[in-house]
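Just so it is clear, none of the values below were taken in a lab; they were calculated from the coordinates. Just so we're clear, the structure is a prediction, and the values are computed from it rather than from any experiment. A quick note on method: Cβ atoms are made from the backbone with ideal geometry, for glycine too, and the neighbour counts reach across all protein chains shown.
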Amino acid sequence: MVKCRICGSELLPFISFGQMPIANGFLRESSFADEFFFELAVAFCTRCQMTQLLHPVEQERLFHENYAFYSSTSVRMAEHFERHAQAVHKHLSGRKDPFVLEIGSNDGILLRHFSVAGVRHLGIEPSANVAEVARNAGVQTVSEFFTEQLAVDILRQHGEADAILAANVMCHIPYLHDVFSGVKTLLAKNGLFVFEDPYMGAILEKTSYDQIYDEHAYYFSLHSIQYLSRKHGLEVVDVEALSVHGGSMRYTLSHDGEVARSEAVDALEAAEIHQQMHRAESYDSLRCRIEHSRNNLIETVSELRDQGKQIVGYGATSKSTTVINYCGFTSKEIEYISDTTPIKQGKFSPGAHIPILSYGRFLEKYPDVALLFAWNHSDEIMAKEKGFRDAGGRWLTYIPEVRIFS
Ligand code: SAH
Ligand code: TYD
């Protein structure tokens with residue numbers, strides 16, 4: 001019996017995807033024989049309502065000097081974080097020499113705006129290659145995992161933080177109690193802790209099961225975050241639904257009782273009950289929809305191949321690793337995957353070993369069908385791929401359901 005990492009209760013496993021490779025573990029042929037696999041299985045906790053991986057992978061395997069995800073590959077995400085930086089900056093105006101800390105600052109996509117504005121800041125980023133890009137952009141960065149011990153060291157060196165920010169990283173950290181203790185230690189009395197992650201409500205709504213992979217140790221709901229916050233003397237005082245990454249939620253926390261709670265928190269509490277997010281049956285029903293989605297996708301791809309259509313993947317996302325391996329696709333079905341990230345190009349996809357080629361290759365000779373693995377960047381991609389459509393190319397997507405469109 002595996003216990004909930006947040007509240008210690010017995011977990012309710014609801015799906016296993018079987019053996020999976022590291023989602024961002026793009027590799028060369030020479031490493032095929034040593035590839036690491038683990039069981040990707042998910043469970044729901046009926047007590048604190050935290051959905052979580054049953055067997056999280058140790059963080060050093062995921063985040064290191066060859067980490068393949070660079071935040072700044074999406075123009076829309078760069079704009080998203082610029083707006084966020086402006087809002088935080090405005091909130092801090094009037095404070096004397098404010099200090100902003102970011103956990104999981106990657107290539108500096110968010111903190112670079114504080115650096116340019118001359119605001120005291122520090123990024124905590126364990127993946128050394130992306131941390132180096134941030135430093136080169138003028139962002140103060142420490143290449144370590146955030147822990148309570150590190151928070152104590154930072155407090156001694158820099159003083160309290162007026163804002164602690166985190167995006168798409170809190171859900172990556174299995175030892176969340178230690179992280180929340182660190183935040184409690186470091187946050188100024190009137191400071192804010194603001195983080196955003198893919199939202200469990202959106203996964204249930206869209207059957208976006210490809211959000212499930214090794215890096216995502218948790219799938220947050222407001223309820224689960226409130227449970228965790230209370231354990232550490234923190235309080236969720238605001239929430240904001242975001243469209244990024246296929247449906248995310250931004251949570252704003254303060255020390256308990258320090259900031260008035262917004263009505264948006266009450267509204268989301270009610271919405272989660274309405275969506276039945278507290279009920280185990282909702283997760284069983286998600287498993288059924290996931291299985292149905294997989295069968296549809298396998299069938300559609302098989303029909304297209306029978307018609308002699310060339311299918312290539314668009315965007316070698318971490319999410320695609322779950323879909324490809326769960327559906328059992330190989331380079332027989334998906335000839336290659338096009339991706340703009342230099343570190344991924346010339347390598348092979350985790351598990352299925354489908355070649356990753358440059359975006360230039362896609363433009364050079366359009367395929368018949370592009371399987372949209374980066375569906376969360378759909379607006380940005382559709383806006384720039386008019387040429388593909390004009391050439392008769394068709395898109396294949398599987399979120400929220402399997403569909404071919406021009
Ligand atoms: N915030 C960026 C990056 C998200 S990817 C964005 O939203 O685009 C997650 C990042 O968090 C990776 O760069 C990873 O190296 C980093 N990370 C993972 N575990 C961490 C931890 N325990 N402490 C700090 N950063 C961590
Ligand atoms: P993303 O969906 O942001 O993340 P995750 O890895 O968390 O699933 O990854 C986007 C990937 O898609 C990244 O490797 C860059 C690539 N990409 C393109 O190739 N072209 C594009 O136009 C965009 C927006 C992304």
Subject >> Matching entry among Val152, Val169 (being among the aliphatic types (A, V, I, L, M) and under 23 Å from the mean Cα position of the chain (by Cα)) >> reply: Val169
Original post:
Would you call Ile109 closer than 30 Å to Ile212 by Cα, touching a residue at least 12 places away in the same chain (Cβ under 8 Å), among the aliphatic types (A, V, I, L, M) and part of a loop (DSSP other than H, G, I, E, B)?
Top reply: yes
**OP:** Hey, can you tell me all the residues within region 61-90 that are within 13 Å of ligand 1 (Cβ to nearest atom) and over 30 Å from Ile22 (Cβ atoms)?
**Re:** Glu82, Ala85
Subject >> Pairs, first touching a residue at least 24 places away in the same chain (Cβ under 8 Å) in region 223-236, second of a type outside the set (A, V, I, L, M, F, W, C) and assigned to a helix (DSSP H, G or I), C-beta under 7 Å, six or more apart >> reply: His223/Glu272; His232/Ser181; His232/Lys184; Gly233/Lys184; Leu234/Lys184; Glu235/Ser229; Val236/Gln226; Val236/Ser229
Original post:
For region 182-204, how many residues meet the condition of being assigned to a helix (DSSP H, G or I) and either out of contact with any His (no Cβ under 8 Å at 6 or more places or on another chain) or within 22 Å of Tyr219 (Cβ to Cβ) (or both)?
Top reply: 9
Subject >> Neighbours by Cβ (under 7 Å, 6+ apart or cross-chain): first from region 69-94, charged (D, E, K, R); second surrounded by 19 or more Cβ atoms within 10 Å (Cβ to Cβ) >> reply: Arg76/His377; Glu82/His113
Original post:
For region 214-246, which residues satisfy the criterion of being buried (at least 21 other Cβ atoms within 10 Å of the Cβ), in a loop (DSSP other than H, G, I, E, B) and more than 15 Å from ligand 1 (Cβ to nearest atom)?
Top reply: Ser221
**OP:** Please state which one of Thr321, Thr340 is near ligand 2 (Cβ under 9 Å from one of its atoms), in contact with a Gly (Cβ under 9 Å, 6 or more places away or on another chain) and under 21 Å from Ser30 (Cα atoms).
**Re:** Thr321
Subject >> Lone qualifier among Val130, Val116 - being over 19 Å from Phe193 (Cβ atoms), more than 8 Å from ligand 1 (Cβ to nearest atom) and out of contact with any Leu (no Cβ under 7 Å at 6 or more places or on another chain) >> reply: Val116
